[in-house]
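Q: Dropping a structure here in structure tokens format, bear with me for questions.
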Amino acid sequence: MRKKIVAGNWKMNTTLPTGLLLVSEILKNTDIPKDVILIIAPPFTHLSEVSKQLKNTSIKLAAQNCSQFDQGAYTGEVAASILKSVGTEYVILGHSERRAYFAETDLVINSKIKIALANGLKPIVCCGEVLEEREKNIHFDVVAKQLKGMFEGITPDQFKDIIIAYEPVWAIGTGKTASPAQAQEIHAFIRINIEKAYGTELAHSTPILYGGSCKPSNAKELFANADVDGGLIGGASLVAKDFIDIAKSF
Ligand code: PEP
């Protein structure tokens, strides 16, 4: 059985007080299925406080990014070791907004994955095509290339801590969602790629999440697919009830 995961990417939203309030609203829900792992990824500044709030709960903490460098003179960056030191367990890497606005390449993401793993963080690694690539029907090639580049040099032993999030860029924050069939088709393709690189066991055990305008009204049909193991949720993760309802959609 693969892990079922619902991860909330808060992006650059909430102040510290409103963020802590959102966490306490999420924590009021005690009826989340036990087999679903809930992860929240608030802004860096909130991690330390949120980590204290999540102590003795089943909800896990993620950062939205980390530096590709170890530590030292990198003004404005946050190292994986710093994230780990405040109780962070996961880190979202390769998000399309990082690629689009901060020029992150597969090579940079590859360095970040390596440094995150070396510091005991579990990477949630994003991939996905832009609209033009989907329209040209080259989305499979795009995703295969991203996976190859991002996981270059990652050993099978390291790969067991990886979660993948397929996020078609045209569906992120747009209200457009991949159809369940489109999601299943590319998730199955990603799993085949993992199998080729890392073998059957890791292909079967690696969670592959869907991201892109996932909400309570469409989560059920997306999660019903054999190769969709949950969601990476942006907008809807900022509303406690929606986030929880998504987690109850399996
Ligand atoms: C995301 O940015 O990871 C995401 C899936 O956003 P949204 O749910 O808002 O489309």
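Q: Counting C-alpha atoms alone, how compact is the range 1-126: give Rg to one decimal and Dmax as a whole number, in angstrom.
A: For the range 1-126, the Cα radius of gyration and maximum Cα-Cα distance read 14.6, 45 Å.
Q: Figure the gain on full extension for residue 71 and residue 141 (residue separation times 0.36 nm, minus the Cα-Cα span) and round it to one decimal in nm.
A: Gain on extension, residue 71 to residue 141, equals 21.7 nm.
Q: Which distance in nm do the two modelled labels at residue 197 and residue 250 give, with both placed 7 Å along the Cα-to-Cβ direction?
A: 2.5 nm
Q: Also, I was wondering about something else. Starting from the Cα gyration tensor of the range 159-250, multiply each eigenvalue by 5, take the square root, and state the resulting semi-axes largest first in whole Å.
A: Taking √(5λ) for each Cα gyration eigenvalue gives 23, 13, 11 Å.
Q: Let me ask something else. Give me the number: length gained by fully extending residue 176 to residue 44, i.e. 0.36 nm times residue separation minus the C-alpha to C-alpha distance, one decimal in nm.
A: 44.7 nm
Q: Return the Rg/Rh value of the range 4-247, two decimal places, where both radii are evaluated on C-alpha atoms and Rh is the Kirkwood radius.
A: Rounded to two decimals, Rg over Rh is 0.94.
Q: Of the cross-linked pairs 84/145; 3/248; 60/122; 55/84; 136/215; 3/160, which ones have a Cα-Cα span greater than 19 Å in the structure shown?
A: Flagged as over cut-off: 84/145; 136/215.
Computed from the coordinates by the stated procedures, all read-outs in this text should not be read as laboratory data. Fair warning: this is a prediction, and the values are worked out from it, not measured in the lab. Reconstructed Cβ throughout: ideal geometry from the backbone, glycine too, with neighbour counts over all protein chains shown.
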